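Peer 1: Questions regarding the structure given below will be posed in turn.
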Amino acid sequence: MWIRFFFLTADWAKGKVPEDFETKLLEHYRNYLDGSGNVIPERQENFQAFLYFIDRILPSVNYEINNYKAIAKKTKLLRHCFTTTDEAFGLVVVENYSRSWIRQLEAKEVSRRARQGLQVLPEGEVSLPGDWFHARWTGSHLGNTSSGWSKEGVDRFTSLSHEINRLRADNSTGEQLEKHVRDHWKGCLNSAKKDKRPKQQIVAAYEEDLFGDHAGMLEI
């Protein structure tokens, strides 16, 4: 089944995405707690990137099935809402598209400055490179692929699935972390105001993207 993915760049435009999000998210992934169960101070930014990921991106994977709304966030562990492959797929989506999301914003800035008569491209260049907005592992520029994803993207998904399996099995990066996240949401006053997802803005679609049993719409 062909599926579409819809990505929202509005969070970047509004400054809601943690700085250097992709790097911070993948660095020390799930490994944020010390021996006492507290977030290691030097990894606070990594933990914040993780919270943004599980709050804004992960629930969009198989969003018709997963239930990670306000009540569930405060009562359930991540493993009770998302499979290992859900989590791995959310990560590979970030790696695949984040560069493209950011460059969409950069292109808007280029257009704005050009309208003001400011030089925004290197001397001699008249337009952005043709591959400027390409995702890493998906897109028609890759030619025909069996799933819409390149072999490198599929291999990355498989590797992440194994790694998340290992991390979930470890107490510190697994159950203890997920209980810490649950307690974190319990302390967020705004999270209990309503148990409905806000209206989502759809900004871009890629019909060629297909990924196994993740058939469905991904929206942020």
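The values are calculated or read from the model by the stated rules, or taken from the named source; none is laboratory data. In this text, all values refer to a predicted model and were calculated from it rather than measured experimentally. Don't worry about glycine lacking a Cβ; one is built from the backbone with ideal geometry, like all the others, and counts go over all protein chains shown.
Peer 1: Please work out which one of (1) among the acidic types (Asp, Glu); (2) under 17 Å from residue 90 (Cβ atoms); (3) assigned to a helix (DSSP H, G or I) is the condition residue 64 fails and give its number.
Peer 2: (3)
Peer 1: Here is a check on your reading of the model: is residue 72 under 24 Å from residue 175 (Cα atoms), touching a helix residue (DSSP H, G or I) at 6+ places or on another chain (Cβ under 9 Å) and at pLDDT 95 or above?
Peer 2: no
Peer 1: Could you check, for segment 94-106, whether at least one of its residues is closer than 20 Å to residue 25 by Cβ, modelled with pLDDT of 70 or more, among the β-branched types (Val, Ile, Thr) and outside any helix (DSSP H, G or I)?
Peer 2: Taking every residue of segment 94-106 in turn, none turns out to be closer than 20 Å to residue 25 by Cβ, modelled with pLDDT of 70 or more, among the β-branched types (Val, Ile, Thr) and outside any helix (DSSP H, G or I).
Peer 1: Also, quick follow-up: Counting just the residues of segment 52-69 that are surrounded by 17 or more Cβ atoms within 10 Å (Cβ to Cβ) and among the hydrophobic types (A, V, I, L, M, F, W, C), which one comes out nearest to residue 175 (Cα to Cα)?
Peer 2: 54
Peer 1: Ok, one more. Inside segment 67-80, can you point out the residues that are in a helix (DSSP H, G or I), under 18 Å from residue 164 (Cα atoms) and of a type in the set (A, V, I, L, M, F, W, C)?
Peer 2: 78
Peer 1: Being assigned to a helix (DSSP H, G or I) and acidic (Asp, Glu) is the filter; apply it to segment 144-186 and report the residue that is surrounded by the most Cβ atoms within 10 Å (Cβ to Cβ). So that I can check it myself, show each step before the final result.
Peer 2: Let us first name the residues in segment 144-186 that are assigned to a helix (DSSP H, G or I), namely 151-169, 175-186.
With acidic (Asp, Glu) added as a condition, the list becomes 152, 155, 163, 175, 178, 183.
Details: 152: 11, 155: 12, 163: 16, 175: 15, 178: 19, 183: 11.
If we take residues in segment 144-186 being assigned to a helix (DSSP H, G or I) and acidic (Asp, Glu), then 178 is surrounded by the most Cβ atoms within 10 Å (Cβ to Cβ).
Peer 1: Moving to a separate point now. Confirm whether residue 47 is out of contact with any Pro (no Cβ under 9 Å at 6 or more places or on another chain) and either closer than 20 Å to residue 184 by Cβ or assigned to a loop (DSSP other than H, G, I, E, B) (or both).
Peer 2: The answer is yes for residue 47.
Peer 1: Residue check, residue 28 against (1) at pLDDT 95 or above; (2) over 21 Å from residue 137 (Cα atoms); (3) assigned to a helix (DSSP H, G or I); (4) not hydrophobic (A, V, I, L, M, F, W, C), all met but one. Which one?
Peer 2: (3)
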